[in-house]
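Taking it in order: structure first as structure tokens, then the write-up.
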Amino acid sequence: MIPATFDYAAPETLDEAIRMLADGGEDAKPLAGGHSLIPLMKLRLATPWLLVDLRRVPGIHGIQLENGNWRIGAMTPHAELERARELGLAARAAATIADQQVRNRGTIGGSLAHGDPASDLPGVLLATEGTVTVAGPGGQRTVAASELFRDYLDTSLEPGEVLTEVRIPTLEGWGFAYQKFNRRSEDWAMVAVSALIKQTGDICEDARIGLTNMGSVPLRAKAVEEALRGQPLNPETIGTAAQQADAETSPPADLNASADYKRHLARVLCRRALTEAAGL
Amino acid sequence: VYRGVGFSTWVEVCGLAPSRAVGPQGVGLQAAFWESALVRVHISGSATVYTGTSSHGQGTDTGFAQIAADRLGIDPERIEVIHGDTDQGPWGWDTYGSRALSVGGEAVARAAEKVQQKAKRICAAMLEADPEDIELADGKYRVRGSPDKFKTMAEIAAAAHVPPQDLPTDIGLGLEEAAAYDPENFVFPFGAHACVVDVDVETGKVKVVRYVAVDDCGPAINPMLIDGQIHGGVTHAIGQALYERVAYDDEGQLLTGTFVDYALPTAAELPSFETDRTETPSPVNSLGVKGIGEAGTIAATPAITAAVLDALAPLGVKWIDMPLTPMRIWDAIGGAKGGVPA
């Protein structure tokens, strides 16, 4: 429970933070809310030599609406997402993260950069087809959600890069739901399903489904999405489509859930999320 | 979602223990099970109570201060309770088995009674009355029938430490007494608990909807502390029934070494408990008390388990090993005849 020795810096500008992180290479880590990295350090699963705290960096906190996109600063804590109900799915999912104390500290940027497939926001970013803005020594780039998550706790962020902003399309007119299953409210999701549905009358124009903790990265339930497109939305079509929620997934078994049980949960939660998102 | 109701009734053998029943001459344990107390009233009229039991969060020291305060005729705030320090206190046998109040508390009561008797003799000498005529009422040691003739404990304590010339020497100086108490018999607290649970039979998740506990630990010294013991006990019994498990992998590596993996229930998983009491005094000790520390953990585990099995009875489920985790419940439903399809 005691981390290895490390240095700490809290630079005043983004450029300075990037320079420190670039100089430190693999041994330097940016620190946001500290609710993923610090526990890993205490377990000595992570042993960075330098933590670059982003809390003093200006301009990477807060929520703005711009051209049909929500621009969310990386240092925006989950509690602020939770209160911004107009965010829709992201607000709904953020409200389920751990407990109030964690939501007050943990940030959207930290959660996405950590790349834990059991965390709530990666699946949301994937389902909403959002993007992240990344700043590094070579300038700024935009990374799509589908390109961000590479493997378990592994993202396409390079050493020296800082995730500065998250962009999520407003998806006006879409129905949404977040179904999360865990043993205790403060636990990580055993499985969770993000559902977004665009419908005209009862016909499904489009559906997007994100799966949390059903593999080493967050996943889309493509088979379910395809099965629903152009179809009427009713309990039968949703129930049938949701049976494919675990297609092409490889959920890891853990202490409280076998892979088969997780697959079953994914199907049940997918059906419930779609039913709720379709307003049925 | 299936709803189930579960009950349990319980009786516990508490007040450990009559040494002659449990010790070398009884069942043969090489120990004794009495308890001790020392009550010291200082010259200021404040007091220190030493106990051989140990309060580790139950609030025993609050209860012991109340017991001593009633018998000394002073405010509980003027009493400090010292416990868990063998360097300072008298010999004791510690806290376990819901014994602290019914054995240790009785020792405190007896020591405080002895101090009260001495205080009455001092008071009688100060008021030129018969010790038999001194009564303790409303925090005053007063002459029966003459309520305006009284002394407070502060005045009596001062006289005990700085005696007036005419104080009979056979009373002795200072104002402190010790007592050891070895119970004549066990005490038997009892109770009945009932609960309602909802089981999501698709996922196996259990929600405790309502929990009602009625317990009898004898006359309540401190109702809030009794509720606290019940709340904590029921919480951890729900943990045992639904959440808590020690697991190892095939190589013997502990998998539940942190509270992330070793799941304790939190307030978010629990309903507001409804508690009530009956008060049937035990004839064994002067306080009539019987112990409450283990009531919740005894009663709630079977009540919750029975409620879940009641909910699943229509599906043919008859048995699930604790803890009743969602996956175990899902497995049991799938394995039972008439189980719902996945």
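The values are calculated or read from the model by the stated rules, or taken from the named source; none is laboratory data. All values reported here derive from a predicted model rather than from experimental measurement. Heads up, the Cβs are rebuilt from the backbone with ideal geometry, glycines too, and the neighbour counts pull from every protein chain shown. Side chains are part of the model used for accessible areas, which takes the heavy atoms of the whole protein and leaves out ligands, DNA and RNA. Shrake-Rupley method; radii C 1.70, N 1.55, O 1.52, S 1.80 Å.
Some points to look at:
- One residue alone among B:Phe259, B:Phe273 is over 30 Å from B:Arg71 (Cβ atoms), under 21 Å from the mean Cα position of the chain (by Cα) and either of a type in the set (Phe, Trp, Tyr) or open to solvent by 60 Å² or more (accessible area, probe 1.4 Å) (or both), and that residue is B:Phe273.
- For the stretch A:237-260, a residue qualifies if it is without any contact (Cβ under 8 Å) to a residue 24 or more places away in the chain, in contact with a helix residue (DSSP H, G or I) (Cβ under 6 Å, 6 or more places away or on another chain) and under 17 Å from B:Leu255 (Cβ atoms), and exactly one does: A:Ala253.
- Restricted to the stretch B:112-157, and to residues there that are more than 25 Å from B:Gln66 (Cα to Cα) and in a loop (DSSP other than H, G, I, E, B), the residue that is least open to solvent (accessible area, probe 1.4 Å) is B:Ala129.
- Among the residues of the stretch B:255-277, those identified as hydrophobic (A, V, I, L, M, F, W, C) and within 11 Å of chain A (Cβ to nearest Cβ) are B:Leu255, B:Phe259, B:Val260, B:Ala263, B:Leu264, B:Ala267, B:Ala268, B:Leu270.
- Check on B:Thr280, open to solvent by 40 Å² or more (accessible area, probe 1.4 Å), at negative phi, more than 14 Å from chain A (Cβ to nearest Cβ) and among the hydroxyl-bearing types (Ser, Thr, Tyr): yes
- Extreme residue, nearest to the other protein chains (Cβ to nearest Cβ), among residues of the stretch A:159-189 that are in contact with a Pro (Cβ under 9 Å, 6 or more places away or on another chain) and more than 30 Å from A:Ser258 (Cα to Cα): A:Leu163
Quick grid of which residues meet (1) within 22 Å of A:Ala84 (Cα to Cα); (2) open to solvent by less than 30 Å² (accessible area, probe 1.4 Å):
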{"residue": "A:Glu158", "(1), (2)": "no, no"}
{"residue": "A:Glu172", "(1), (2)": "yes, no"}
{"residue": "A:Phe176", "(1), (2)": "yes, no"}
{"residue": "A:Ala192", "(1), (2)": "yes, yes"}
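- Just one of the listed residues (A:Ala278, A:Ala273, A:Ala253, A:Ala247) is more than 9 Å from every other protein chain (Cβ to nearest Cβ) and either among the hydroxyl-bearing types (Ser, Thr, Tyr) or surrounded by 24 or more Cβ atoms within 10 Å (Cβ to Cβ) (or both), and it is A:Ala273.
- Checking each residue in the stretch A:83-103 for being touching a Lys or Arg at 6+ places or on another chain (Cβ under 6 Å) and open to solvent by 10 Å² or more (accessible area, probe 1.4 Å) picks out A:Thr96, A:Ile97.
- Checking each residue in the stretch B:71-95 for being surrounded by fewer than 16 Cβ atoms within 10 Å (Cβ to Cβ) and not in a loop (DSSP other than H, G, I, E, B) picks out B:Glu77, B:Glu80, B:Ile82.
- The residue list A:Ala98, A:Ala127, A:Ala79, A:Ala90 contains one member that is part of a loop (DSSP other than H, G, I, E, B) and of a type in the set (Gly, Ala, Ser), which is A:Ala98.
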